[in-house]
Amino acid sequence: MSEAAKNCKICGALAKVAFRIPSAKLTGQPIPDAADDCAYFECSKCQFLFTDIHDADDHAGLYDDKYWEGQDPDWSGRVNQTLRLVLLANTLINKPPWELKILDFGCGMGTFVSAAREQLQMQTWGTDIIMPKFGREWFLPRVQRERFDIIVACEVVEHLPHPLTSMKEVRGYLDRGGVFAFQTAYYDPKTCGRDWWYIGPANGHVSLYSARSFEIIAGTLGVKDRRLWNNYPGLQAWQF
């Protein structure tokens with residue numbers, strides 16, 4: 001297959017180059033004056049948008065102190081957004097919040113885990129490819145025998161170079177009837193081009209999901225029930 005086309009990572013259909021952009025582009029920042037050396041491919045079937053520029057990289061190297069200080073300065077303010085995911089997921093489970101076993105998948109600096117434990121007395125744990133700065137006593141470098149009622153991923157799924165593989169892994173961490181809830185900005189091919197603010201290969205935004213691609217993923221994973229927050233496709237809860 002030529003460099004102008006790839007197989008979609010979600011459904012396997014043909015994906016052609018939608019646009020090229022400098023690999024130095026950061027989310028929320030102007031397009032830099034540099035060579036367009038990063039191609040984003042759009043699937044002809046499900047409109048999933050992706051780049052393979054970091055597929056072979058050690059992603060832990062992307063998320064150093066420089067990343068948290070300059071590329072994602074709002075990380076400390078996502079405690080409320082992550083709690084919103086718990087609220088959405090619990091509409092499908094309907095348990096007292098203090099009884100829920102919750103995993104923050106891609107917990108980053110660990111602020112949600114720490115706040116939920118220390119201020120809300122909730123049973124929360126975190127896991128990530130990096131060590132968090134907060135809530136380390138509840139950090140799981142690897143999830144092994146533990147099973148959870150709810151797994152949340154706030155601004156994480158866009159960083160997954162192999163989303164189906166990662167989401168199948170997440171499904172395996174859930175207890176029977178458990179829920180995976182996530183937040184991301186969703187890709188609308190009618191309105192989102194190379195100047196879309198969410199594009200950011202330099203900070204790991206490599207997988208960008210259309211509403212249709214989420215439907216296909218949910219079907220592939222065997223999702224039994226779904227909830228959207230205020231009908232927004234980028235905020236969903238999936239029950240298995």
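The values are calculated or read from the model by the stated rules, or taken from the named source; none is laboratory data. Since we're looking at a predicted model, the values are computed, not measured. Please note: Cβ atoms are built from the backbone with ideal geometry, for glycine as well, and neighbour counts cover all protein chains shown.
Looking across the stretch 117-150, the residues that are of a type in the set (A, V, I, L, M) and over 21 Å from the mean Cα position of the chain (by Cα) come down to Leu120, Met122. Each residue in the stretch 15-47 was checked for being touching a Cys at 6+ places or on another chain (Cβ under 8 Å), in a loop (DSSP other than H, G, I, E, B) and either at pLDDT below 95 or of a type in the set (Lys, Arg) (or both), and 2 pass. Take the conditions (1) basic (Lys, Arg); (2) surrounded by fewer than 18 Cβ atoms within 10 Å (Cβ to Cβ); (3) free of Cβ contacts under 8 Å to residues at least 60 places away in the same chain; Arg84 misses just one of them, which is (3). So which residues in the stretch 87-103 are free of Cβ contacts under 8 Å to residues at least 60 places away in the same chain and surrounded by fewer than 19 Cβ atoms within 10 Å (Cβ to Cβ), if there are any at all? Within the stretch 87-103, Leu87, Asn94, Lys95, Pro96, Pro97, Trp98, Glu99 qualify.
Quick grid of which residues meet (1) at pLDDT 95 or above; (2) not polar (S, T, N, Q):
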residue: Gln71; (1), (2): no, no
residue: Pro97; (1), (2): yes, yes
residue: Phe105; (1), (2): yes, yes
residue: Gly108; (1), (2): no, yes
residue: Trp125; (1), (2): yes, yes
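Only residues that are over 20 Å from Pro161 (Cβ atoms) and buried (at least 16 other Cβ atoms within 10 Å of the Cβ) were counted across the stretch 1-36, and they come to 0. Among residues of the stretch 164-178 that are more than 20 Å from Leu100 (Cβ to Cβ), those with a beta-carbon under 7 Å from a residue that is modelled with pLDDT of 95 or more and in a helix (DSSP H, G or I) at least six positions away or on a different chain give the pairs Leu164/Ile217; Leu164/Thr220; Met167/Ile217; Met167/Leu221; Lys168/Leu221.
The strands (runs of 3 or more DSSP E) located wholly in the stretch 108-217 that include 1 or more residues which are surrounded by fewer than 20 Cβ atoms within 10 Å (Cβ to Cβ) occupy 123-127, 174-183.
Looking at Ile10, Ile31, can you tell me which residue is in contact (Cβ under 8 Å) with a residue 12 or more places away in the chain, over 17 Å from His159 (Cβ atoms) and among the β-branched types (Val, Ile, Thr)?
Ile31
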